[in-house]
Amino acid sequence: MTDPNFERRLEELLASDRVSRRRFLGRTAGAGLAVGGLGAFLAACGGVEGTADDANTATVATASHPKEAIAAWTFANWPLYMEKKLLTDFDKEFGGKVKYVEEINDNYEFFSKVRQQLQNGQPIGRDIVVLTDYMAQRWVKDGYAEPIDKKNVPNAANLVENLQTIAYDPERSYTLPYQSGAVGIGYNIKKTGRELTSIDDFFDPEFKGRVTLFSEPYDAASTVLIQQGKDPEKATIDELLEAIEVISQANDDGQFRRFTGNDYTTDLTKGNAWVCMAYSGDLVQLESDNPDLRFAYPEQGAVRFTDNMMMPAKVEHPYAAETMMNYLYEPQVAAKLAAYVNYISPVDGIKEILEQTDPEIASNELIFPSDEVAANLKNYPQLTPAEERQMREAMAQVTGA
Amino acid sequence: MSLRRRRQLVPWLLIGPGLLWLAVFFAIPLANQLYVSLQTGDPETGYQFTWAFGTYTDAIADYQEQFLRSIGYAATATILCLVIGFPLAYYTAFKARPWMRNLILLLVILPFFVSSVLRTVSWQLILFDDGWIVARFRDLGLLGDDGRLLATRTAVIAGITYNFLPFMILPLYVSLERIDRRLVEAATDLYASRASAFRHVTLPLALPGIFAGSLLTFIPACGDFINAALLGTPRQSMIGNVIQSKFLFVQDYPTAAALSFILMTFILVGVALYARLLGTKTLTDSAV
Amino acid sequence: MRTRADRVRAWFLGLWTGVALLYLFIPVFVIAAFSFNDNQGRFNFTWQGFTLRHWENPFADPDLALAMKNSLLIAGISTAIAVVLGTFMALALVRYVFRGRGATDMFVFLPLATPEVVLGASLLGLFLTMAVTTGFTTIVIAHVMFTISYVVVTVKARLEGMDRHIEEAAMDLGATEWTAIRKITLPMIAPGVLAAALLAAAISVDDYVITSFNAGQTTTFPLFIFGATRQGVPPAVNVLATGLLVIILLLLALNVMVQRRLAARDRAAMPSR
């Protein structure tokens, strides 16, 4: 008894030029296991398949997606992360109908939702997904992303210089930044009594029990690495584990009130926490809730996170997706998006536009950081999946989970 | 078909559709998780089925604290729910006018229609350190001068109590409402005291409700993670948080599955013991 | 004959009920209040003045409105299915002695005991294996799956210890098993079924974790809100949530009024005794 789909799957696999030999072997092993219904089910859930590319292999790829009429296609993004008018404008200009789904609530949850399809080499039914660096990196390395046909995205030339290359995607073959932000110090100046400028302030005993850190190790541990004068993008797993150990010890001393995700915003606004590890984009907005709040890019440098547009492997409407990417990289369009979401835009030349239309935003340091600050933004560490798990395991020990 | 045969078939006809639904959409997927829990490996190199019972013993050894904490918090919250919920259910069943009954029941579940994330954030906005409530608690000496309500054990337990209160109230009401008031009145005459009438008549008749309500509260509360995540600190982390983190963040699927099965085994054993303790088994059987 | 002590007791119980309901509603009041907050930034955490502007066009964000609609539809459909399946299961478990009853009894508690991530993820695995595209239907399937147990347990609490003799008498008089259930048992357990339905609807409408795995590209109200916390939950969410509660309460008030009117008319029509 063999899987009736087996031969078809085999042919599909062989036809796909992007399947490495190693992954092919992995797949056949999986398919061999997939005998009968339950067997197939067990294989699909157990994650028998998969590959481990070397973390430091630079992945450069090209693709060709011929021009075609745009019909119905799907753009998956985070809620409230888009000026919706741009979507209707896009449909009007380029035809077709974009199904815009605000379904990404969390990088991990979204990945869990589509992981098995990606591993089985099936299309996931989304043409653009927006994922944060650490997840985007994982997709690129595991072969879950489709290369971008640059011919269809000439506006990619507008990408700001300091984002043109990133370790996991040096040529931006797979990813195009959507918005960026920085991990910095959010604080309540009335409570702290002074301006904060340094990562050391998270560990100042004066603020004992009044500090929150992110539970995401890519953010928290990288910030500690910067404090130690290291570049997180080049850090080894051992250095990261040491950084987590520093956090752990301070935690044992009662330095931190909580470890948070986005929910630090209530603690900071309400004065429960005085010093929070915070995202720059939020503080622009929180200042109207509490005028005592400040944001500082740490003097040692700050971690930059970027949410990236990318196409999942086996994408069904690549041309539509690329046309949208190109559209969002038109400075006029990018300016409207930046004015709506208030994060750091990756598109060059929009400050000049906003100086005309929205001078308040154009002059905001959190949306348009100074050159000095921009030069001091660091990227996330580069880890193999196994190292990444090791780091998460260590951080989970600290946060109690 | 004989009558006897047919009467034997009836329960299966009644139970069949529901059981089938649970078998297909719950039991089969769960069996797969059991299989996963005995595998070793990682998502990149793949998993092998190795009868890895070590995952179970490691999980117990590593997360004993969170297990015990979950049980403690869930039990405390269940008792609080019973204390808060019983008088409410009693009032609704016996004292409230008929038109008020359904209104109260609806009011009890209405907050759920506002997402629990929103309600928990609201609690954060109410109970903040510099807020009115905390200040009154300090005035009354219930909190020290720099005491706080958020990010404490109290907050987590109160949060769980808040979230699961309706699960206690509805079954309680359902079983109380059934009680024939004349029985209680006759008993009052007999025992000449309200208290003993309550103890000897009302309470035993309400036992199925207490049993159902405390299980509907305790069992899901054991696996809760939202309250500990939003209202607690690492020192209040529960087993639900560990499972969530193992699955989504660390992506250690075998351990997540193993922890779940340990929790489920514990709960099933607990339910069996509790059923014996409350004697609902005999109660059920006598009713048949 | 009501004594003074009786009245005090009733009064105290009423007060307790009021306070407990207040406890349940405090955060809801805050949510409602903040739908009128004139917030300047994206966040809605501190009171910045009164405004009606968020109420002017509650459905301005079509995605949010759709999420709400999905949630209500899913709750309605899954509750209906779960209540029917669960009530029958409870009937069988309490009213009949059969081989496997004890095991089924215990089995029903298992979905309650399974952590949500595992429940959600393993169900997703099944759907993917069966090549089912996840979406609205799979959310309904999932919700029925995890609300059935709540229905069974609640209805059982009603059935347990209930007098069986009336049904037996009916059957002795020639009624079939099914007629006895329909005409006698179901009316007697109606409050239990209603309570179970309320519980199932509440759990369905509020579920986040299991839904997030099996939602495909369908968004529900809790999914939207959870994702929105990253950008700040907009007051429109408060508006829709508050509006929904107000509509439900108004419908209920209307229902109560009609019922009381009808009851009064019946009383008036009845000859005095």
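The values are calculated or read from the model by the stated rules, or taken from the named source; none is laboratory data. Here the structure is a predicted model, which is why all the values come from computation and not from measurement. Quick reminder, even Gly has a Cβ in these numbers, built from the backbone with ideal geometry, and neighbours come from all protein chains shown.
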Residue among B:S193, B:S237, B:S260, B:S245 that is surrounded by fewer than 24 Cβ atoms within 10 Å (Cβ to Cβ) and polar (S, T, N, Q): B:S193
Matching option when the condition is more than 30 Å from A:I237 (Cα to Cα), out of contact with any helix residue (DSSP H, G or I) (no Cβ under 8 Å at 6 or more places or on another chain) and more than 14 Å from chain B (Cβ to nearest Cβ), among A:D371, A:D348: A:D371
Residue list for segment B:67-81, restricted to those being buried (at least 21 other Cβ atoms within 10 Å of the Cβ) and within 12 Å of chain C (Cβ to nearest Cβ): B:S70, B:A74, B:C81
Selection from segment A:256-280 of residues that are farther than 15 Å from A:S215 by Cβ, surrounded by fewer than 24 Cβ atoms within 10 Å (Cβ to Cβ) and among the small types (G, A, S): A:G271
Spans of strands (runs of 3 or more DSSP E) in segment A:243-324 with at least 3 residues more than 9 Å from every other protein chain (Cβ to nearest Cβ), in contact (Cβ under 8 Å) with a residue 60 or more places away in the chain and of a type in the set (A, V, I, L, M): A:275-279, A:302-312
Hits in segment B:249-271 - residues which are facing chain C (nearest Cβ under 7 Å) and more than 15 Å from the chain's Cα centre (by Cα): B:A256, B:A257, B:S260
Cross-chain or 6+ apart pairs with Cβ under 7 Å, segment B:116-138 first and more than 13 Å from A:G271 (Cα to Cα), then part of a helix (DSSP H, G or I) and among the aromatic types (F, W, Y): B:V117/C:F226
Enumeration of residues in segment A:98-129 that are farther than 22 Å from C:F226 by Cβ and more than 9 Å from chain C (Cβ to nearest Cβ): A:V98, A:L118, A:Q119, A:G121, A:P123, A:D127
Condition met for C:T154 (in contact with a Pro (Cβ under 9 Å, 6 or more places away or on another chain) and among the β-branched types (V, I, T)): yes
One residue from C:I166, C:I148 being in contact with a helix residue (DSSP H, G or I) (Cβ under 9 Å, 6 or more places away or on another chain) and at pLDDT 90 or above: C:I148
Segment B:127-141, subset surrounded by fewer than 17 Cβ atoms within 10 Å (Cβ to Cβ) and of a type in the set (A, V, I, L, M, F, W, C), residue nearest to the chain's Cα centre (by Cα): B:I133
Segment C:1-54 - residue that is among the basic types (K, R) and touching a residue at least 12 places away in the same chain (Cβ under 8 Å) and, of those, surrounded by the most Cβ atoms within 10 Å (Cβ to Cβ): C:R42
Elements of type helices (runs of 4 or more DSSP H) contained in segment B:195-279, each with 1 or more residues being hydrophobic (A, V, I, L, M, F, W, C) and in contact with a Gly (Cβ under 6 Å, 6 or more places away or on another chain): B:226-231
Condition check for C:G86: within 13 Å of another protein chain (Cβ to nearest Cβ) and either within 24 Å of the chain's Cα centre (by Cα) or surrounded by 14 or more Cβ atoms within 10 Å (Cβ to Cβ) (or both): yes
Any hit, segment B:21-44, residues being of a type in the set (D, E) and modelled with pLDDT under 85: yes
Matching helices (runs of 4 or more DSSP H) fully within segment C:84-174 where at least 2 residues are in the same structural domain as C:A196 (by TED's automatic domain parsing) and basic (K, R): C:136-159
Test result for B:I179, part of a helix (DSSP H, G or I) and either touching a Phe, Trp or Tyr at 6+ places or on another chain (Cβ under 9 Å) or at pLDDT 90 or above (or both): no
Residue match in segment C:237-246 (condition: outside the structural domain of C:K69 (by TED's automatic domain parsing) and either more than 30 Å from A:E83 (Cα to Cα) or modelled with pLDDT under 90 (or both)): yes
